[in-house]
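Here the structure comes first, spelled out in structure tokens, and everything after it is commentary.
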Amino acid sequence: MMGGLSLAARERWSAAALRHPVRTLLAVYVASRLVAFAAIWVAARYYQAPAGVGHLDPTLTDMLQLWDAEWYERIVREGYPVPLPADPTTGQITYSQWAFFPVFPLLVRLLMTTGLGFTTAAVLLNLVLGALAVVLVWKVLSFPVHAGSQPARERLALVAAALWCLYPATGVMVLPYTEALAACLIAGALLLLMRRHYLAFAVVALVLGYTRAVAPALGLAVLVHLWLRWREDRAAGTAPLRHDRPQVVVMLLATALSAVAWPLTVGYVSGLPGAFFDVQAAWGQRPDQGPFVLWFSWAWGEHGLLSVLVMVALVATYVALVIGRHGAWMPLEVRMWAMAYPLYLFAVVRPITSMWRFLLLDFPLAALVASVAMRTSTGREVVRHWRLRVAVVAVCLVGGILAWSCGLLPYVPWHVTPP
């Protein structure tokens with residue numbers, strides 16, 4: 001009897017959550033931010049060496065000011081240096097603010113006009129942007145067009161967005177970093193694309209070009225959308241893109257410009273055409289050595305052939321999930337983003353621990369996890385005990401948040417592993 005009442009109560013709770021998805025997601029989001037702050041506090045209290053912050057009692061505020069946050073504060077207070085800083089001995093371009101995109105610090109600077117300090121303004125901005133991002137992620141995942149038939153789509157999308165709040169590196173979304181802003185822009189761009197608001201997409205793409213280097217991956221989602229649109233128009237017996245051709249041209253040009261906007265700006269302002277890439281090279285990014293080469297070299301250097309096989313198996317498993325039944329319920333544009341973005345990262349980014357936070361923007365990963373946890377082998381019906389299975393996943397993710405915060409976020413000068 002009690003079990004029946006308990007099950008009925010759970011069903012009522014699920015129904016209420018689905019009736020008010022935004023309210024539900026914001027509640028989960030608030031809880032996840034509390035978890036993130038608690039994990040960062042634990043890192044400050046028990047894992048941050050005093051040498052890394054300059055005093056004997058590391059605090060939560062200290063943790064919020066580490067790593068890239070220091071560089072964004074420099075941009076806000078000092079701007080971008082001209083000429084570019086160079087090593088006095090070799091003359092080569094060295095570390096500088098030019099490696100960091102300008103939209104986020106610009107928004108922080110605007111918020112600071114209210115009298116707030118940098119850290120407070122940046123954290124408050126990211127808390128708001130993070131809330132907007134989780135709602136947009138849910139909207140994108142629940143969009144039914146260009147997606148396989150799925151009776152439980154609304155429930156899957158809601159759970160997926162909630163699990164995305166608990167991604168192990170989610171703590172970076174409360175730090176003065178660009179992840180929260182980039183997540184908003186990427187999810188918003190995909191939603192605008194699927195709704196065929198091409199001019200609005202173009203505007204977002206241009207802003208994204210000054211926020212994060214993701215345009216090549218987003219461009220593939222655009223091409224897939226246009227291919228689908230072409231097929232649909234021809235099947236309907238109308239001229240492909242008949243009423244939207246000028247808007248499509250603008251969208252394609254904006255997406256292409258987004259890929260080079262910041263490098264071109266850096267080159268123009270500095271007077272050195274390749275300045276952006278020189279600065280990136282100073283930070284250790286060398287995509288000129290060839291796509292994927294650095295990852296295979298790193299894997300081989302760790303444990304030889306075994307590491308290479310494990311890495312290939314992980315990538316193959318992920319691809320199989322995206323193109324298989326667990327990804328079929330997502331719109332095809334979103335699945336293309338899920339394929340293109342991680343592969344783009346592996347192609348151009350060297351093996352660094354920051355990949356954990358970079359993959360935060362691959363929000364379809366949360367949709368795959370939700371689908372695996374909730375659905376039967378047929379990929380359609382939701383399993384009876386999906387709540388328990390999702391709860392187990394959530395507990396594991398909370399452990400991941402603690403591990404990321406305590407393992408990567410602390411700064412110790414003699415052992416640097418950036419988050």
Residue satisfying condition, being crowded, with 24+ Cβ neighbours inside 10 Å and part of a helix (DSSP H, G or I), within set 163, 185: 185
Segment 34-57 residues that are farther than 18 Å from residue 123 by Cα, paired with ones that are exposed (fewer than 14 other Cβ atoms within 10 Å of the Cβ) and of a type outside the set (A, V, I, L, M, F, W, C) (beta carbon under 7 Å, 6 or more apart): 51/413; 52/413; 56/50
Criterion violated by residue 253 - all others in (1) closer than 30 Å to residue 79 by Cβ; (2) touching a Ser or Thr at 6+ places or on another chain (Cβ under 9 Å) satisfied: (2)
Residue under evaluation residue 12, criteria (1) at pLDDT below 95; (2) surrounded by fewer than 17 Cβ atoms within 10 Å (Cβ to Cβ); (3) within 26 Å of the chain's Cα centre (by Cα), criterion not met: (3)
Exclusive hit being over 15 Å from the mean Cα position of the chain (by Cα) and free of Cβ contacts under 8 Å to residues at least 12 places away in the same chain, set 119, 113: 113
Unmet requirement for residue 378, which otherwise passes all of (1) among the hydroxyl-bearing types (Ser, Thr, Tyr); (2) modelled with pLDDT of 95 or more; (3) more than 30 Å from residue 215 (Cα to Cα): (2)
Qualifying residue in segment 244-261 (condition: exposed (fewer than 13 other Cβ atoms within 10 Å of the Cβ), within 29 Å of residue 146 (Cβ to Cβ) and either without any contact (Cβ under 8 Å) to a residue 12 or more places away in the chain or in contact with a strand residue (DSSP E or B) (Cβ under 7 Å, 6 or more places away or on another chain) (or both)): yes
Cβ pairs under 9 Å, 6+ apart, first in segment 81-94 and touching a residue at least 40 places away in the same chain (Cβ under 8 Å) and more than 11 Å from residue 275 (Cβ to Cβ), second of a type in the set (Gly, Ala, Ser) and not in a loop (DSSP other than H, G, I, E, B): 92/86; 92/281; 92/282; 94/86; 94/282
Residue under evaluation residue 147, criteria (1) outside any loop (DSSP other than H, G, I, E, B); (2) among the small types (Gly, Ala, Ser); (3) surrounded by 19 or more Cβ atoms within 10 Å (Cβ to Cβ), criterion not met: (1)
Tabulated pairs, segment 131-145, first under 18 Å from residue 172 (Cα atoms), second among the hydrophobic types (A, V, I, L, M, F, W, C) and not in a helix (DSSP H, G or I), C-beta under 7 angstrom, 6+ apart or interchain: 134/165; 137/363
Matching entry among 306, 228, 272, 220 (being surrounded by 13 or more Cβ atoms within 10 Å (Cβ to Cβ), farther than 24 Å from residue 96 by Cβ and out of contact with any His (no Cβ under 8 Å at 6 or more places or on another chain)): 220
Scope segment 361-406; condition surrounded by fewer than 16 Cβ atoms within 10 Å (Cβ to Cβ) and within 17 Å of residue 36 (Cβ to Cβ); matching residues: 395, 396, 399, 403
Qualifying residue in segment 102-109 (condition: within 29 Å of residue 32 (Cα to Cα), out of contact with any Leu (no Cβ under 8 Å at 6 or more places or on another chain) and β-branched (Val, Ile, Thr)): no
Any chance residue 159 is of a type in the set (Val, Ile, Thr), touching a Gly at 6+ places or on another chain (Cβ under 8 Å) and more than 21 Å from residue 343 (Cα to Cα): no
Given (1) at pLDDT 90 or above; (2) surrounded by 19 or more Cβ atoms within 10 Å (Cβ to Cβ), number of the condition residue 343 does not satisfy: (2)
Within segment 18-70, helices (runs of 4 or more DSSP H) holding 1 or more residues that are among the β-branched types (Val, Ile, Thr), more than 27 Å from the chain's Cα centre (by Cα) and at pLDDT 95 or above: none
Hey, residue 135 part of a helix (DSSP H, G or I), surrounded by 24 or more Cβ atoms within 10 Å (Cβ to Cβ) and under 16 Å from the mean Cα position of the chain (by Cα) or not: no
Tally, over segment 71-106, of residues that are hydrophobic (A, V, I, L, M, F, W, C), over 22 Å from residue 408 (Cβ atoms) and either surrounded by 19 or more Cβ atoms within 10 Å (Cβ to Cβ) or modelled with pLDDT of 95 or more (or both): 7
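The values are calculated or read from the model by the stated rules, or taken from the named source; none is laboratory data. Computed from a predicted structure; not experimentally measured. Using ideal geometry, Cβ is built from the backbone for each residue, glycine included, and neighbour counts are taken over all protein chains shown.
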